[in-house]
1. What do the square roots of 5 times the Cα gyration tensor eigenvalues come to for segment 591-696, in whole Å, largest first, as semi-axes of the equivalent ellipsoid?
2. Can you give me the distance in nm between label points at residue 232 and residue 537, each placed 7 Å from the Cα along the Cα-to-Cβ direction?
3. So how strong a dipole does segment 201-356 carry about its Cα centre when Lys and Arg Cβ are +1 and Asp and Glu Cβ are -1, to the nearest 20 debye?
4. Using a simple charge model, +1 on the beta-carbon of Lys and Arg, -1 on the beta-carbon of Asp and Glu, nothing else, what dipole does the chain show about its Cα centre, in debye to the nearest 20?
5. What FRET efficiency do you get for residue 171 and residue 640 if R0 is 60 Å and r is their Cβ-Cβ distance, rounded to the nearest 0.05?
6. Once label points are set 7 Å from the Cα along Cα→Cβ at both residue 732 and residue 691, what is their separation, rounded to one decimal in nm?
7. Quick check: the angle from helix 258-267's long axis to the longest principal axis of the chain, C-alpha only, nearest 10 degrees?
8. Restricting everything to alpha-carbon atoms, can you work out Rg to Rh for segment 283-359 with a Kirkwood hydrodynamic radius?
Amino acid sequence: MKKEGMAVATVNVTDDGAEKEYQELVNSINQHTQIKDLAKIREAFEFARRAHGDQRRKDGSLYITHPLAAAVIVAEMGIDEDSIIAAILHDCIEDTNVSYEDIAKRFGASVADIVDGVTKLTRVVYTSKEEEQMENLRKMLMAMARDIRVILIKMADRLHNMRTMAYQSESKQREKALETMEIYAPIAHRLGMQKIKWELEDLSLLYLDPVGYEEISQGLAEREKADDGFMERTEKAIKKRVQDAGIKGTVQSRTKHIYSIYRKMYGQNKQFSEILDLYAFRVIVDDIADCYNVLGCIHELYHPVPGRFKDYIGTPKPNMYQSLHTTVIGSEGIPFEVQIRTWEMHRTAEYGIAAHWKYKEGISGKSDEEKFAWIRNLLEAQQESDAQDFFSSLKVDMFSDEVFVFTPQGDVKSLPAGATPIDFAYSIHSAIGNRMTCAKVNGRIVPFSHVLQNGDVVEVITSNTSKGPSRDWLGMVKSSEARNKIRQWFKKERREENIVNGKAAFEAEMRRLGVPLSALTDERVLQVVLKRFSANTLDDLYASIGYGGLSAQKTVNRIRDELHTMERAAREKGELPSWSPSPTQAKAVHGIVVEGVDNVLVKFSHCCMPVPGDEIVGFITRGYGVSIHRTDCKNYMNSVSKEKDKERWIKVYWADDRDETYETGLAITAGDRNGLVMDIATVLNSLKVKVNAMTARQIGGIANVYITVQVKDRNELGTVIARLLSVQGVKEVRRQGT
Ligand code: MN
C-alpha cells in the first residue's frame, strides 16, 4: 500500500483504533448492504488513512477513525458503494492536501463529486439564529447538495461528531448542538430518517439543556424501576397474542426518546410525573393484511384510548412514513403506544429517503438522472402536503427555481433562480437598490447582470451621489419585488420624463388602434377614462404608462371598450357622439391611407423610398407621424422582429386617386467609360423623368452611379430601369434599400 509518495510520512503511525473501526465498517457493510467485494472500500480506507496521516481528534484518537465511523452510519443506511467510499474520504479535500482530481482519478468522478459536495456544505458558516434564517439555511443546504447522497453523508458526519462532542469546548458544544437541532434534525425529519433524527435531537438536548436532559433520563430510569418489568411483561403478552393468532411478527419495546418527552413537557407545560405515555411497542410483520390483524389482537388485549388510532398505512405521512398507531391502557393502568408496520415500512421509518435509495438502486438506477427521477416523483406527489415548503426546497436542486446567497453578515437570502445583484440589493432595502453603484460576489466586482449562484456572498456598494436605477435594470431582475421597487422609483423621480414618454406611447397606440384622440377632449369621456384608471389628470395617466405601471396597449384597449359602451348608450338615447371609437374612413395623405387614422403626418423613408405599386408598411415614429417603408426594406425586416418595435408597425395602403410623383433611388453599376454619365442623363431626359440628384464614382474600372428620380409608380420606374439597362456598359440597376 505504499504506492503514493504521501505514504512516506505516515509509515510509522501506530494503528490507534483505525483497524478496529474499519472492522466495524466491514461488519456494517456485511449486515446492511449487498456489497461483496470490499477491495475498493479497503483501498479508500488506506488512501484516507495516508492522507490524514497523524492528524488527531480532540479525544486523542487518530482522525481517520472519524470518517470510518461516519462510513459505518452510511453503511447502516444500506446505500451504495460510492456513498460508503465518499464517506471514508469525506474530509480529505477539506483537511488534507488531497484534491478533487486525486479522488476522481482513483475512485471516479461520482465519488469525487459527492466528496466535493460534502466539502462545500462543511464550508457553509451558520451565524444567524432567526427562525426564518434557519429555514433558508436548511433549504440552502439541500440546494447546494444537488445529490441526495451528499446530505446523507453530511448527516452521518454530523451524527458521529455529536456522538463524540464530549471533548470539545463548551462553546463549541453549544454551537454545534444548536446547529444540529435547528438544521440537521429537521432535515433528517423531513427526509424520514427517524432513527438519525432522534439520536441527533437527544444528543443536541444533552448540550443545550443538560439539566432538562438529566431530569428526564433519571425520571425514565425511576419510572421503569417502579413499573417493575412492565415493558418485558407487556412485550411477552403481545408476542403471545400475536403468535396465538397465527401471525409471524417481531415485537420490540422501548421508552420514548428523551427529546420527544422534553418537547411534550415544555409544549404542554407539564411535570415529568404528569407524562404518562412513556412506553412504546412495535410489532413488525410481513404484510399489510397482518398489520390490521395485529391491530385487532392489540385492541382485544387492551383497552384502546379513543381518538388515538391513526392509520398512516392508508394515509402515509409526507415523509413517506407508514404504520398503524394506537394508544392503549395496559393491565396495570399504564398507557402505551403500539406501532404496527411491515419490514419494508420499518426500513422506511428508520432510514427514510435512504431506504428508498437502496430499494431503487437494486432494480434500476443506471444514470444519475434515473436515480433522481423517483425523488422528483416523490416530491411531486407531496405537493399538497403540509411539508410542501420543505419539499419545494428539496426541489430546488432538482428543479432549480430558487437560489440562496449570503449577505456579508452571513444572513441567507432566497431569490428566484437567475437573480442578479440588483435583485439582491432590492431584497435588502429599496434604498440600497436605488443607490447601488457596484456589486461584489465573493469579493470580486461583477456586472449588474451577473447571475448569482447558491452559496455566493453578495455585497452591494452604494453611494449617495448615485443617479438611481437605470431602465435597463428592469430587464436584468428576476424578482417582482425588485421590478416593482425600480418602477416605483421611476414613478416618483422621473415624473416629467414619464409623462412625455407615456404620452407618446399612449398616442401611438391610440393611432395604431384607430381610436380618435379627439374623444378625450370631450369632458364626459375624459372623466370616465380618468376614473377608470384612478387618475386625477391625463398627466397622471401618461406618467403611469411612462414608468411601466400601465401598458399603453392595455390602457387604450380599455378606453376603446369604454368608448364603445358610451357610444351605444348615447345612440340608444338618440344622441350622436362627437367622436366614434370605430375607425373612420380614412383620408389619404400623399396618396397613403393609414389604417384607421385620419390626417396623419406621412413621410417616405429614405432607406427604401417606396413608390406606388410597392408593398408598403408604416412605422409610428415618436412625434413625426408615420414613415412609409417597403415590405422588403432591410430596416423594416430587422425592426419588426424586435419585441419592442413590433407593435409600432401598422398597415398602410396606396390610395387609388393619386396625383403626385414619388422620389426613389437607383444604383447603377457599369463598366467605366467616357460619356457614361452623359448617356444615362440622356436616357432619363428622353423619358421625361425628373432627376433630383446624380452622383458617380469610379473604382478600379467599375462605375457606380446613384440617381434619385421622381416617378408616378412602379410601372414607370420599371420602364426607367429597363431603359437604363440598355445603356452601353450598364450591368445592373438596383432599387435603393435592397
Ligand atoms: Mn467530518
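1. Ellipsoid half-lengths, sorted descending, are 32, 18, 10 Å.
2. 9.4
3. Magnitude of the dipole: close to 300 debye.
4. Approximately 2500 debye in magnitude.
5. Once the sixth-power term is evaluated, E becomes 0.35.
6. 2.2
7. 70
8. When Rh is taken as the Kirkwood radius, the ratio is 1.02.
The values are calculated or read from the model by the stated rules, or taken from the named source; none is laboratory data. The model shown is predicted, which means the values in this text are computed figures rather than measured ones. Don't worry about glycine lacking a Cβ; one is built from the backbone with ideal geometry, like all the others, and counts go over all protein chains shown. We work out accessible area using only protein heavy atoms, side chains counted, and drop any ligands, DNA or RNA first. Shrake-Rupley method; radii C 1.70, N 1.55, O 1.52, S 1.80 Å.
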